[in-house]
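Participant: Below: one structure in structure tokens.
Each reported figure results from applying straightforward, stated rules to the coordinates on display, with no laboratory input. Everything quoted here is computed from the prediction, not taken from an experiment. We place every Cβ from the backbone using ideal geometry, glycine too, and count neighbours over all the protein chains shown.
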Amino acid sequence: MMPSNPKQYYQRFWAGHAGKLHFRAHSHHFWPDISREAQIAYWDECAKLGDDKWDKIFSETIPRTQNHIASILRLADARQIALAPNTHELSTRLLSLFLGRKSLNILTTTNEFHSWRRQFFRLMEIPNITIHQVDANNFPHDRDAFLRAMRTELAKHYDLVYLSQVFFDSGAALTDSEIVSLVAVTPESTLFAIDGYHGFAALPCCLTKLEGKVFYLGGGYKYGQGGEGVGFMVVPKGDWRPAYTGWYAEYAKLSGPTGQTVGYANDAMAFMGSTQDPSGFYRFNAVWDLFNAEGIGIPGIHDYVAGLQKTFLENLPRHFMRNWSLTPLFDPALVWHGHFLTFEASSLDLAERCLQTLNSHDILIDRRGARLRFGFGLYQDKADVMALCQRLQKLVG
């Protein structure tokens, strides 16, 4: 059962933001205080074990992280979860499966996250790589048109599909059933990857029907609340041999004889890389150990955040959107939406001026292009939302 005051878990971060209203949960979520204890515990463990720490990390720490992720996503096999410092490393490793192919055809959308968009724009410079983008700019207002366009394209042959669960520049979200329906019309030979970063540990997500059929990427930096270094990818079972590889991918045979044949683990570890800072796994585990002990689950978190969002919309000053020429990119009913609300300004200049005005009054939000994002999280309460609305009221007069 959700505690009445989850804000209590975040006292150190609030102390670091005294006087400020932090509504960037979608960018840098506050970390629970217990994550600091986990960071120190990791350092102490290194001091005690030295190089022997890796055996403990691979036998205890990483499986705990995988189990927490599997529980959140309702997956049966936690071993099919690869870990990395970030999701871009994993998506690049996924792309490396196609290295040496005469051609590569990718289907994605116009509204994918910065790293992936930058990556596929660079790939488009290579003659034998073709990338088709389905326009998702209007998805917040006409999801049916977007889904029809996706189904039309999916009927064609693509080698790889890369699609967001929650779009980073609007917060508009695909439902589990919508994703299942898209995967159902995708040829079996096509690899289907879902960018779940803005959905993981925020929206109640059940991958049970998709397990073994899709790659799902997410991490701990946002709603996972463990900070940097906990990128993950759910991997279907298979004999995967990504060309971009490192020693983690065959850790179990590290002490064996070496040769010219490159071996891989027979599970998701085939997609793991090389030496990284594993402290994020310790922070992530500590947070979700705490939440499990306190009865805090994803449905409860989502309901709590949805309540904050509704309080915000009910008390948002009437003239705020009109004064800044802002258009909401969400259904006011918030039937199924990510944990941030986005308003689109009529120009980049106006969006930047609005952002700077809010930040100068210690209202911390961010923007992507002309779109302003207000993020909500477990570390806030209704008093924070009301304080936000009161400051906005003073700005509009």
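Participant: Output the relative contact order of segment 74-138, whole-number percent, from Cα pairs under 8 angstrom with separation of 6+ residues.
Facilitator: 34
Participant: Can you list which of the chymotrypsin sites (Phe, Trp or Tyr not before Pro) found in segment 38-77 are DSSP loop residues with at most 14 other C-beta atoms within 10 Å?
Facilitator: none
Participant: Report the full-extension gain for the segment Lys102 to Ser4: residue separation times 0.36 nm, less the Cα-Cα distance, to one decimal in nm.
Facilitator: Full extension from Lys102 to Ser4 adds 29.5 nm.
Participant: Give a quick list of trypsin sites (Lys or Arg not before Pro) in segment 107-176 that DSSP marks as loop, anything other than H, G, I, E or B, with at most 13 other Cβ atoms within 10 Å.
Facilitator: Lys156
Participant: Have a look at the DSSP beta bridges in segment 131-220 and tell me what percent are antiparallel, nearest 5.
Facilitator: Numbers: 1 of 9 bridges.
Antiparallel: roughly 10 percent of the beta bridges in segment 131-220.
Participant: Hey, fewest Cβ within 10 Å first, where do Cys205, Cys389, Cys354 land in order? If you can, show how the numbers build up before the last one.
Facilitator: On the way: Cys205 25, Cys389 17, Cys354 22.
Lowest to highest Cβ neighbour count: Cys389, Cys354, Cys205.
Participant: Considering only DSSP beta bridges where both residues belong to the chain, give the percentage that are antiparallel (nearest 5).
Facilitator: If I count the DSSP bridges inside the chain, around 55 percent turn out antiparallel.
Participant: Sticking with this structure for a sec: Pairs Lys310/Lys382; Lys56/Lys222; Lys20/Lys382; Lys7/Lys394; Lys53/Lys222: which exceed 18 Å Cα-Cα?
Facilitator: Pairs exceeding 18 Å: Lys56/Lys222; Lys7/Lys394; Lys53/Lys222.
Participant: For segment 269-313 and segment 104-128, compute the distance between their C-alpha centroids and round to whole Å.
Facilitator: What the calculation gives is 29 Å, centre to centre.
Participant: Give, in whole angstrom and from largest to smallest, the semi-axes √(5λ) of the equivalent ellipsoid of the chain, with λ running over the eigenvalues of the Cα gyration tensor.
Facilitator: Its equivalent ellipsoid spans semi-axes of 35, 28, 18 Å.
Participant: Using helices alone, what [θ] at 222 nm do you get for the chain, with -39,500 (n - 2.57) per DSSP H run of 4 or more residues, divided over all residues and rounded to the nearest 500?
Facilitator: It comes out at -11000 deg cm²/dmol, rounded to the nearest 500.
Participant: Straight-line reach from Lys209: which lysines have Cα under 22 Å away, leaving out those fewer than 8 places along the same chain?
Facilitator: Lys237
Participant: Taking the Cα centre of the chain as origin, work out the dipole magnitude from +1 charges on Lys and Arg Cβ and -1 charges on Asp and Glu Cβ, in debye rounded to 20.
Facilitator: Numbers: 39 positive and 40 negative charges, 136 e Å.
In debye, rounded to 20, the chain gives about 660.
Participant: Continuing with the same structure: Could you sort the peptides 272-280, 217-225, 185-193, 21-29 by per-residue average Cβ neighbour count (10 Å cutoff), highest mean leading?
Facilitator: 217-225, 21-29, 272-280, 185-193
Participant: Asp51 versus Gln390, label points 7 Å from Cα toward the beta carbon: distance in nm?
Facilitator: 6.0
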